[in-house]
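Read the figures in this text as sums done on the coordinates, not as results from a lab. The structure displayed is predicted, hence computed values, not measured ones. Here the Cβ positions follow ideal geometry from the backbone for every residue, glycine too, while neighbour counts run over all protein chains shown.
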């Protein structure tokens, strides 16, 4: 079907008007139904151009199509509720109420959907969107990418934010702010630095003037670095935690010092902040007690001290691997330092009381420092990977000039070499899977020609199976990093129980919820068939396999070409009311169909 019949991924939120008169509501309804059908929350009938399904007592019909990996694509202007054969506009509240949800989960989902719509409306009414984002700097482009997650219907929920918070701390408005600071009694803070001298670390990160300002603030409160250490806090987080901080502040375990230092701006991921005063300095990742899309955006305490070790491990593997040296298409943003409120203490007179407030606050008070040199110091242009699937105000794809310059086939082939093969090689050769959501990826390019992939966020997105590691002796001494790692439960933290889980992580994040958006864009905007996209991917993977004969057994274990594969069910998880549980459903694998000779429709 043509572009006029479908919403190209991921279009401007203002580009289509639905029956309800609100384009933002229409988009939320579309993505909610696409997810519900894809995850089989709502079983459906499909006749090749139209989906028919029931939710509660109501019947619905929507024009659409199936795309790669079974993803459902609906025409935003052609989604209807049927009443005695008559088409009526879909009511969001009635639809959510009819979804199978646990007690309270449906109400929470509706609140998040309504807040997503409200924030989209605020953006439309208060922001001047850039007419052409192609020439923007990396930080400016992160701010200008307002579309949100192309699959999850709660793509801008940000529960806990009001409109003022959204304006100040969301990325879209491009506002900057200073960090707030706490002095934390050293006994309660775990500190992981990349240099032995704490003062040297802070002077490097803050600059001498800001460091001195914080020293003066501590002196004014009759405390010093002997007994206390510094911890930056997101200003919204400090406000949100006010009630929980009363006890430790009263006990002088934590002492607020006010705001200080450089100014920061939120990235697309909300928790990661860019230093706008000194763009070459570290990105800062801070926890937020905010639910956005499918997750609460705090940080697991165990992962803060592990983050530098994971970055060092990955870098060692990359440096020692001749394949990476030859192709030179992968770089990483090192997570090199961090601090976190301990989630336990030992030896206290009243250990239970201490552990109670620590356990409550530890996920909400931490910081991770992420090196920015792979992006900022590169001679190539850096572009957030999410931009590759976007449309500009002129109706053209963000990448249209690149495709016109190099040709779709050549450019796409090179993109797969740069983006897919390094991640696949890391899994095949070394046994490490990374969560390659578009949000975790940056493309370095030369006038649009892909040159290198930069990955980030390993502390909560790396998985391995111990028996599948090619060089287990190189892994960190996890048991020495955190008590939780001494006897970890299966499929918890970084240890998976099966190689299949590693393949699922890669396929889910890189193919099912990432490259499918680009494949769909190319078909809708450039008449480049999706089947051609997956054929080209298969050719690249086959060529890789031809050069990896020594690892053929490992390739067989990963079994990428299964007919049916498991994928994460993001909406089911939301409806379950159990955010820490995993939900999956089976989907058809187009790569399997290609291996069986399919060259056209492979969904």
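Things worth noting here:
- Full extension of the chain between residue 547 and residue 326 yields a length gain of 78.3 nm, computed as 0.36 nm times the residue separation minus the alpha carbon distance.
- Multiplying the residue separation of residue 159 and residue 45 by 0.36 nm and removing their Cα-Cα distance gives an extension gain of 37.6 nm.
- Calculated log₁₀ intensity ratio I(q)/I(0) where the Debye formula runs over C-alpha points of the stretch 37-119, q = 0.17 Å⁻¹: -0.78
- Mean residue ellipticity (222 nm) of the chain, computed from DSSP H runs ≥ 4 via -39,500 (n - 2.57), nearest 500: -11000 deg cm²/dmol
- Full extension of the chain between residue 559 and residue 59 gives 176.1 nm of extra length, using 0.36 nm per residue less the Cα-Cα distance.
- Pairwise centroid distance, computed over Cα atoms, of the stretch 328-389 with the stretch 440-500, Å: 15 Å
- Cα gyration tensor, the stretch 148-187 - rounded (a/c under 1.5), prolate or oblate: prolate
- Spread of Cα-to-Cα distances over 10 Å intervals beginning at zero, given as percent, for the stretch 95-248: 8, 26, 25, 24, 15, 2
- Counted over the chain, the DSSP beta bridges are approximately 95% antiparallel.
- Per-q log10 I(q)/I(0), the stretch 270-342, q = 0.17, 0.19 Å⁻¹ (Debye; single scatterer per alpha-carbon; no solvent): -0.84, -0.95
- Rg and Dmax of the chain, based on Cα coordinates, read 24.4, 76 Å.
- 22 Å tail of the calculated P(r), the stretch 163-370, as % of Cα pairs: 52 percent
- Relative exposure of 27, 204, 158, 596, judged by other C-beta atoms within 10 Å (fewest first): 596, 204, 158, 27
- Panel note: the C-alpha atoms of the stretch 143-218, placed on their principal axes, show extents of 46, 24, 21 Å (largest first).
- Helix axis angle, 530-546 relative to the chain longest principal axis, alpha carbon, degrees: 60 degrees
- Taking Cα atoms only, the orientation of helix 105-126 departs from the longest principal axis of the chain by about 90 degrees.
- Cα gyration tensor category, rounded, prolate or oblate, for the stretch 418-458 with a/c compared to 1.5: oblate
- The order of the peptides 437-443, 50-56 by mean Cβ neighbours within 10 Å, most packed first, is 437-443, 50-56.
- Gyration tensor verdict on the stretch 503-603 (Cα atoms; rounded if a/c is under 1.5, prolate if a/b is larger than b/c, oblate otherwise): oblate
- Seen against the Cα atoms of the chain and their longest principal axis, helix 23-38 is set at about 80 degrees.
- Rounded FRET efficiency, nearest 0.05, which uses the C-beta distance separating residue 132 from residue 492 and R0 of 51 Å: 0.65
- Over all Cα atoms in the stretch 378-560, the spread is summed up by Rg and Dmax: 17.9, 56 Å.
- Averaging Cα coordinates gives a centre for the stretch 508-554 and one for the stretch 220-248; these two points are 48 Å apart.
- Sorting 189, 33, 110 by the number of Cβ atoms found within 10 Å of their own Cβ, with the fewest placed first, yields 110, 189, 33.
- Length, then width, then depth: along the principal axes, the Cα atoms of the stretch 324-465 run 70, 40, 26 Å.
- Separation of alpha-carbon centers, the stretch 266-297 and the stretch 48-81, rounded to whole Å: 35 Å
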